[in-house]
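The block underneath contains the structure these notes are about, expressed in structure tokens.
Computed from the coordinates by the stated procedures, all read-outs in this text should not be read as laboratory data. As the structure is a computational prediction, the values presented were derived from the model and not from experiment. Using ideal geometry, Cβ is built from the backbone for each residue, glycine included, and neighbour counts are taken over all protein chains shown.
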Amino acid sequence: MIINHPLLGPRDAAEFVYLGDASLIDRPDWEAEDAAAQFHAYGYLRDNPAGAHQELWYHEQGDRSWLVVTRDTTTHEITQVELARDVARARGRDR
Amino acid sequence: MRYSALRILREGLTGNKGWKPVWREPEPKAEYDIVIVGGGGHGLATAYYLAKEFGHKNIAVLEKGWLGSGNIGRNTTIIRSNYMLPGNEPFYEMSLKLWEGLEQDFNYNAMVSQRSILNLYHSDAQRDAFVRRANAMMLAGADAEIADADQLRAELPFLDFDNARFPIKGGLFQRRGGTVRHDAVAWGYARGADARGVDIIQNCEVTGFDIENGRCTGVQTSRGAIRAKKVAVCVAGSSGRVMEKAGMRLPIESHVLQAFVTEGLKPVIPGVITFGAGHFYVSQSDKGGLVFGGDIDGYNSYAQRGNLPVVEDVAEGGMAIMPMIGRARLLRSWGGIMDMSMDGSPFIDKTHIEGLYFNGGWCYGGFKATPASGFCYAHLLAKGEPHPVATQMRLDRFMTGNLIDEKGVGNQPNLH
């Protein structure tokens, strides 16, 4: 697989480390009433879709940036690559 | 129709005209007591043990494709019970005992071959860990044996003992481990279940679950609606896809694992051998091909095919322990989809939906578990409570903190 890095251009996926579903960006509020249930879902439950999947890849052998890659899990086709920082900011996080 | 040597002789003398198909192709009925979703090894074993051990007859097994077309036909055929944790080891040892009696039990030649499995160690620390594991295995009634490098040199002279980076210091043997003809397992269980009245319905894909007031009353399929008192899902690899139809999110990611086979060679590798410093395992099939594999590719996938970096990694692992493997030509490689769970261990449990049961999360160890998985799932379905060796394989164990994490790497499915 080739990941088209937003800053560095096309890179071999072997340069990256895979973390998992991009929902891991959305860490729950630890002060919420149901924080335990929320953290259980955050840490352990996954949508695991067959089809488009947003996921976190870390460019360990490169510029060490985190990317959000949108990839089809049935074909491995990558349709979108964004910097995780941009995705997190767009969701209201400060970094 | 029982199989026996006498029967082969008689059929041979009469032109082999007496052989019949070994299971029926029934139309689905409108209602069953138990509907099992998934006609792979685990689903067919569940049906078999429900009928044989627990006296249930009104059962259907629904299979999306043809019988045994999933992971039961794509794995590397290894059986073993060399686990460590109390939530796992008694279960896998029960499975190995069932393998030992399986062919007599279901009167079918599954080519169970207890040719041993050897896990190599390459350092003092790894030896300590393997000794500990061997002790845990023996406590659960399994066999385990630590062999030092001198003993291995005598038994397996082709290993690269003096490898500069990963010298082989010894290994953990389980002599009762080995290999089984995987397709025959599906066929044998199917035949045994069918003979006891189980309807095996192929080309029948479940498209939805009928859930009313928190209770599952049946399934919608590509061949019409089927009502059921209990619905037992058993579709490891596709668990995420199927349970989504019941509105459930699982502690599972689907990953692709590749396997490889070389051209047929004369007997060179006596048992199953695994590399302790990387991920590589190999055995030789009865046809002569070296069957081997290694790590999963490491990213979510339902594609049943992997990518080249893992091919390279597996080949390097093979070269590191047995350089002779470099002379063999690779014939085929393929991929299968694994339910990688959050702690590397499986689930055999009820769900929060009354009447809906779940069996899955087998990671890349489902084949060896087939008999015990079927037996314990049948036990749960028939009696409503888990079998004593499967009490910890619960879906809610991440909420309660009772993880079964053999490798101790936490909730990172691609590292298990």
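Over all directions, the projected convex hull of the C-alpha atoms in the protein assembly as shown averages 26.5 nm² in area. What the pair-distance distribution of chain B shows, using all Cα-Cα distances binned every 10 Å from zero, is 5, 22, 32, 25, 13, 4, 0 percent. Across the range B:165-259, the convex hull enclosing all Cα atoms gives 207 Å³ per residue.
Rounded to the nearest 500, the helix-only mean residue ellipticity at 222 nm of chain B stands at -8500 deg cm²/dmol, with each DSSP H run of n ≥ 4 adding -39,500 (n - 2.57). Projected label points at B:TRP19 and B:GLU316, each 7 Å from Cα along the beta carbon direction, are separated by 4.6 nanometres. Mean sequence separation of contacting Cα pairs (under 8 Å, at least six apart), scaled by the length of chain B, corresponds to a relative contact order of 22 percent. Go ahead and run the numbers for FRET between B:ARG175 and B:ARG153, Cβ-Cβ distance against an R0 of 22 Å, rounding to 0.05. Rounded to the nearest 0.05, the efficiency is 0.75. Extension gain, B:ALA30 to B:GLU263, is 79.1 nm, computed as 0.36 nm per intervening residue step minus the present C-alpha separation.
Distance from a point 7 Å along Cα→Cβ of A:TYR58 to each backbone N in the range A:14-36: keep the residues under 16 Å and list them by number. Only A:14-26 pass the distance filter. For the range B:135-150, 3J(HN,Hα) computed residue by residue from phi via the Karplus equation (6.51, -1.76, 1.60; θ = phi - 60°) reads 5, 4, 5, 5, 4, 8, x, 8, 9, 7, 8, 8, 10, 8, 4, 4 Hz, glycine and proline entered as x.
Which whole number gives the average, over all residues in A:69-75, of C-beta atoms from other chains lying within 10 Å of the residue C-beta? List each step's numbers first, then the result.
Values: counts 1, 0, 3, 3, 12, 5, 4.
Mean number of neighbouring Cβ atoms from other chains: 4.
Once the Cβ-Cβ distance of B:ARG165 and A:TRP30 is raised to the sixth power relative to R0 = 45 Å, the FRET efficiency obtained is 0.55. When each of B:VAL61, B:VAL389 is scored by the number of other beta-carbon atoms lying within 10 Å, the sequence from fewest to most is B:VAL389, B:VAL61. With the simple spin-label model, which puts each label point 7 Å out from Cα in the Cβ direction, the B:LEU6 to B:LYS97 separation comes to 3.2 nm.
Could you calculate, for chain A, the ratio of the Cα radius of gyration to the Kirkwood radius, expressed as Rg to Rh?
My calculation of the ratio gives 1.01.
Where both bridge residues fall in chain B, DSSP classifies roughly 70% of the beta bridges as antiparallel.
A straight chain from B:LEU331 to B:GLU205 at 0.36 nm per residue would run longer than the Cα-Cα distance by 42.1 nm.
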